[in-house]
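Data first, discussion second: the structure below is written as C-alpha cells.
The values are calculated or read from the model by the stated rules, or taken from the named source; none is laboratory data. What you see is a predicted model; the values in this text were computed from it and never measured. Quick reminder, even Gly has a Cβ in these numbers, built from the backbone with ideal geometry, and neighbours come from all protein chains shown. Keep in mind that these areas ignore ligands, DNA and RNA; they rest on the heavy atoms of the full protein, side chains included. Shrake-Rupley method; radii C 1.70, N 1.55, O 1.52, S 1.80 Å.
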Amino acid sequence: MTQSSEPHVVWLTQDAFDKLQAELEHLRGPVRQEIIERIAAARDEGDLKENGGYHAAREEQGKTEARIRQLEDMLRRAEVGETPADDGVVEPGMRVTTRFVGDSDTEVFLLGAREIETPDDLEVYSPQSPLGAAIIGSKVGDTIAYHAPNGKELKVEIVDAVPFVG
C-alpha cells in the first residue's frame, strides 16, 4: 500500500483505527439501544410536547447517529499504519516542523487525523485544515503561502518533515 496525500484519505495509526472501530461498535450497539429504550419509555409517559426526557433522548439520538456517520466515513477512508517514506516531503503521517516567515519560533505537529493520540501532547493538524492542505507535497526548505481562516495570507517555511513514529 502506498501512502497517499489525497485529501480524502485519513491517515491513522493502527491503535487509533482500533479505538475508533471500538467506539463505532459501542455506539451502534449498547448506546443506540439504550437511547431507543429511553425514547420508548418517555413516549409511554404520554404528551410528547412537554416531555423533557423524550426531547433530550431524541437530541442525544441525533448526536449519536451523526457521530456514527462520521466514524463510518473516517474508517472507510482510513489508510492505516503505513509510515510514509523519510524523503522530506510533507504528507499525512509526517511529523512536521514549520516556522512562520519573520518569526524565529518553530512549531512541531503531526499531519494526520485529530483522533490520533500522540506522545507529549503533540499537536495534530488535519490534512484538510488550511495549513495542512497548503503544505502537502512541499519539501524541507520550501516556503508556502496560504490563507488562514480569518482571510489573512500567511507564509510558512518547512523546517523539517520526518515520519511519525507513535
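Scanning region 73-86 for residues that are part of a loop (DSSP other than H, G, I, E, B) and either open to solvent by less than 20 Å² (accessible area, probe 1.4 Å) or without any contact (Cβ under 8 Å) to a residue 40 or more places away in the chain (or both) yields a total of 1. The C-beta contact set for region 19-42 (first residue open to solvent by less than 60 Å² (accessible area, probe 1.4 Å), second residue among the acidic types (D, E), distance under 7 angstrom, 6+ apart or interchain) comprises L20/E115; L24/E72; I35/E60. Candidates G93, G102: the one that is surrounded by 15 or more Cβ atoms within 10 Å (Cβ to Cβ) and on the phi > 0 side of the Ramachandran plot is G93.
Of the residues making up region 98-111, those that are modelled with pLDDT of 90 or more and in a strand (DSSP E or B) number 6.
Residues of region 142-163 that are open to solvent by 30 Å² or more (accessible area, probe 1.4 Å) and touching a residue at least 24 places away in the same chain (Cβ under 8 Å): T143, L154, K155, E157, V159, D160, V162.
Across region 111-132, the qualifying residues are those that are under 16 Å from the mean Cα position of the chain (by Cα) and among the charged types (D, E, K, R), and the one among them that is surrounded by the most Cβ atoms within 10 Å (Cβ to Cβ) is E115.
Within the set R69, R114, R95, the sole residue that is out of contact with any Pro (no Cβ under 6 Å at 6 or more places or on another chain), within 20 Å of A22 (Cβ to Cβ) and not in a helix (DSSP H, G or I) turns out to be R114. Scanning region 122-141 for residues that are in contact (Cβ under 8 Å) with a residue 24 or more places away in the chain and among the polar types (S, T, N, Q) yields a count of 2. Is it the case that Y146 is more than 26 Å from F17 (Cβ to Cβ) and in contact with a helix residue (DSSP H, G or I) (Cβ under 6 Å, 6 or more places away or on another chain)? It is true that Y146 is more than 26 Å from F17 (Cβ to Cβ) and in contact with a helix residue (DSSP H, G or I) (Cβ under 6 Å, 6 or more places away or on another chain).
Every condition in (1) farther than 18 Å from W11 by Cα; (2) touching a strand residue (DSSP E or B) at 6+ places or on another chain (Cβ under 8 Å); (3) open to solvent by 50 Å² or more (accessible area, probe 1.4 Å) holds for V108 except the one numbered (1).
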